[in-house]
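This report concerns only the one structure given below.
What follows draws every value from the coordinates through simple rules; no lab data is involved. Note that this is a predicted model, so its numbers are computed, not measured. Here the Cβ is made from the backbone with ideal geometry for all residues, glycine too, and neighbour counts use every protein chain on show.
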């Protein structure tokens, strides 16, 4: 498959969010339309200028796109729903970006929206039955990985808790985050444990919300009078699925391969990254993934967190939004919300959570299956 970088440039020109929140009576249409209108205002374009729409959703309902987009006007544009587990929003953005990069359209929108109404996995429909339903609960899977990591590296539960402290500190500065209360290591470690060493504040909340990103070509930027100074270029988009690995955890191996591909296609080294939004549904994931990305040496992630290397203002800001641990994980919107945060950071519009001199960012999502989607973005200049 041709890389995104071999096609014409595509840019993020508008971002919008509905705050992530606990499940409520708010219709998904209201969540989505709120985010879409915010993205259109940010880009300073009308809905009539959008030529296609991709909706990332995983837990709400089939055929939800039309009911949502009709509130903006019936323009007849093609619309597609994308389901790819936690990477649904990331995959929707990838489709919109490739459509614009390929010259099929000049302006496309990727929207993530979800309410936690229905969750199902394919094993039963596939006729696969065993004593544990072919899987362990996600929290147990990562609790086992945490136990292994602590045993092999000498990392302590306090090191894991420090990840949650950092990300909740960032999320407290984010008006769109579901959890907006900073916490101490002692508070993170308070019982009950959900599984293994993982406590409640070390696990992402799954609520509801929406996020939207408008992507456009150079031609559209000129024709529509979009502010080029606020456009952020999508340098690469990599998507891979699980392979057979020799004893290594598939989440880590898949992340390593997908990030390496995205960085290579963007012509970026790990050390050039200024902001990273990653799939930290559980604290152990941040430690595993920053090592797989090459942001620190193997086994050194816990010490890097303790030293402040992944703080806002440190070597690289990891989960400046608060990450899944604080921002929340409404599934469909999560990957697109990461792009909103990185775009905001690269524009220098992050306010109290702004990482200084941010120029290059990476967004990473994994999903059950397993799949991984990674984007690299860079601002001009």
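Under a Gaussian network description of the chain, with springs only between Cα atoms under 10 Å, the residue in 21, 315, 243 that fluctuates furthest is 243.
Volume per residue, Å³, of the convex hull around the alpha-carbon atoms of the stretch 214-285?
On the way: hull volume 10.5 nm³, N = 72.
Convex hull volume per residue, Cα atoms: 146 Å³.
Between 0 and 90 degrees, the angle of helix 157-171 with respect to the longest Cα principal axis of the chain falls at about 20 degrees.
Seen against the Cα atoms of the chain and their longest principal axis, helix 88-101 is set at about 40 degrees.
Could you line up 149, 20 from fewest to most neighbouring Cβ atoms inside 10 Å? Mind dumping the intermediate values first?
Values: 149 24, 20 30.
The order, fewest Cβ neighbours first, is 149, 20.
Each of 340, 235, 372, 183 was scored by other Cβ atoms within 10 Å of its Cβ. Arranged with the fewest first, they read 183, 235, 340, 372.
Exposure proxy shown here: for 295, 40, the number of other Cβ atoms within 10 Å sets the order, fewest to most, as 40, 295. Rg/Rh for the stretch 40-109 stands at 0.96; both radii use Cα atoms, and Rh follows the Kirkwood definition. One equal scatterer on each Cα of the chain, no solvent, Debye formula: the resulting log10 I(q)/I(0) at q = 0.09 Å⁻¹ is -0.46.
Starting from the Cα gyration tensor of the stretch 238-352, take the square roots of the eigenvalues, sort them a ≥ b ≥ c, and report rounded, prolate or oblate (rounded when a/c is under 1.5, otherwise prolate if a/b is larger than b/c, else oblate). It comes out rounded by the Cα gyration axes. Once the Cα-Cα distance is subtracted from the 0.36 nm per residue extended length, the residue 44 to residue 151 segment shows a gain of 33.3 nm. Angle between the Cα long axis of helix 283-292 and the longest principal axis of the chain, 0 to 90 degrees, nearest 10? For helix 283-292, the angle is close to 70 degrees.
Per 0.36 nm of contour for each residue apart, how much would the distance between residue 71 and residue 185 grow if the chain were fully extended, relative to their Cα-Cα spacing? Before the final figure, lay out the partial values.
Details: separation 114, 0.36 × 114 = 41.04 nm, distance 4.51 nm.
Residue separation times 0.36 nm, minus the Cα-Cα distance, leaves 36.5 nm.
Within the stretch 1-80, the ratio Rg/Rh, alpha carbon atoms throughout and Rh by Kirkwood, equals 1.00. Between 114, 246, 219, the residue with the greatest mean-square fluctuation in the GNM of the chain (Cα pairs under 10 Å linked by springs) is 246.
Of all the options 145, 17, 278, the one that moves most in a Gaussian network model of the chain with Cα springs shorter than 10 angstrom is 145.
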